[in-house]
Amino acid sequence: MDFSLATLEAIAPFILVGFAAQTIDGALGMAFGTISNTMLLWIGVPPAAASAGVHTVETFTTAVSGISHAINRNVDWTLLLRLTIPGVAGGILGAYVLSNIDAGIAKPIILIYLATIGCYLLWRSRHKPDPKKPRIVEPLGLVGGFLDAAGGGGWGAVVTSNLLVQGAHPRFTIGTVSAAEFFVTATISATFISQLGWEAFTLATVGLLIGGVVAAPFGAILAKRVPAAPLMALVGVILIVTSLFGLYRALA
C-alpha cells in the first residue's frame, strides 16, 4: 500500500501536466509535446529519451483526440491526407537524426521563427478572419514531422500556425492537424523504439499518458465551440509563450 501511495504521489504532477497540456493541445492544435518535453528535460531526462517518451504517450492521446475531433466534425479529410504522408516521412527522418546526431543547434532559430509567427497571428486575430484554402501543405507536413521528432515536439506549433497564416479556418485546421498527428507520432515512436528500445517509457511518461488520455476529448469540444478569432489569438499567445520559454532554456 505504501508503495502504491508513493507511486501515485510520484506520478500525480505528471498526470496534471498531461491533462493541462492535452486540453490546450486539443483546443489549439499544439503544445502537448512542447510542454511535456520541456518538463522531462527539466528533470534531467536526455533529449532523445524525452522525445521518445513524449511521442509514445502522444500515440495514445492523439488517437483519442483525433477521434474526438472527427466526432465533432472538425476534420478536413482531404487536408488530413495531404499532411499525413509527408508528415510521417519527416518524422522518421527527424527521429533518426535525434537518435544519432545533436540537432540542438537549429532549435533557437526555429523558436524565434515560431514566436514571430505567434505575434503575427495575435495581430491577425484582431481583424475578421477570411478563411482560404492553404496552398503550401505537403512541404509543411514534411518539415513539421521532422522538427517534431528532432525537437521533441512542435508538429502542432509549426503546422497549425503556418496553415493559419495561409488563411485556413482555425477550427478545421486544429482538428485536422490533431488527427494527422496520430499517424506522425505513431511512426516517430516506432522509429525511436527501434533506435533506443523501451527505456524511455518511464513513470513520468505513464503520468503524462493518464492525464493526456483523460483530457483528450475536451479539447475537440472547445475547438468546435470557440469562435475563430479568439482561437487564433490563443494560438498566437501559446506560440509566443512556449517559444520564448524554450528559447530561454536553449540559450541559458
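The values are calculated or read from the model by the stated rules, or taken from the named source; none is laboratory data. Here the structure is a predicted model, which is why all the values come from computation and not from measurement. A quick note on method: Cβ atoms are made from the backbone with ideal geometry, for glycine too, and the neighbour counts reach across all protein chains shown.
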*With (1) assigned to a helix (DSSP H, G or I); (2) out of contact with any Phe, Trp or Tyr (no Cβ under 6 Å at 6 or more places or on another chain); (3) surrounded by fewer than 24 Cβ atoms within 10 Å (Cβ to Cβ) as the list, and S36 as the residue in question, which single condition is left unmet?*
(3)
*For region 73-97, which residues satisfy the criterion of being within 15 Å of T185 (Cα to Cα) and either modelled with pLDDT under 90 or outside any helix (DSSP H, G or I) (or both)?*
G91, I92, L93, G94, A95, Y96
*Of the residues L239, L208, which single one is in contact with a Leu (Cβ under 9 Å, 6 or more places away or on another chain), buried (at least 24 other Cβ atoms within 10 Å of the Cβ) and under 19 Å from A63 (Cβ atoms)?*
L208
_Would you confirm, using the coordinates I've provided, whether A229 is of a type in the set (A, V, I, L, M, F, W, C) and over 16 Å from the mean Cα position of the chain (by Cα)?_
yes
*When both residues are 6+ apart or on different chains and their Cβ atoms are under 8 Å apart, which pairs have a first residue that lies in region 156-167 and is within 9 Å of G29 (Cβ to Cβ) and β-branched (V, I, T), and a second that is modelled with pLDDT under 85 and buried (at least 21 other Cβ atoms within 10 Å of the Cβ)?*
V159/G29; T160/L28; T160/G29; T160/M30; T160/V235
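If you go through region 6-15 one residue at a time, do you hit one that is more than 13 Å from the chain's Cα centre (by Cα), touching a residue at least 24 places away in the same chain (Cβ under 8 Å), surrounded by 24 or more Cβ atoms within 10 Å (Cβ to Cβ) and not in a helix (DSSP H, G or I)? Steps first, please.
Here is the first cut: in region 6-15, the ones more than 13 Å from the chain's Cα centre (by Cα) are 6-15.
If we keep only those that are touching a residue at least 24 places away in the same chain (Cβ under 8 Å) as well, we get 7, 10-15.
With the extra rule that they be surrounded by 24 or more Cβ atoms within 10 Å (Cβ to Cβ), the set shrinks to 14.
After this cut, where a residue has to be not in a helix (DSSP H, G or I) as well, the list is none.
No - not one qualifying residue is present in region 6-15.
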*Do we find a residue being modelled with pLDDT of 85 or more, in a helix (DSSP H, G or I) and among the basic types (K, R) anywhere in region 229-249?*
no
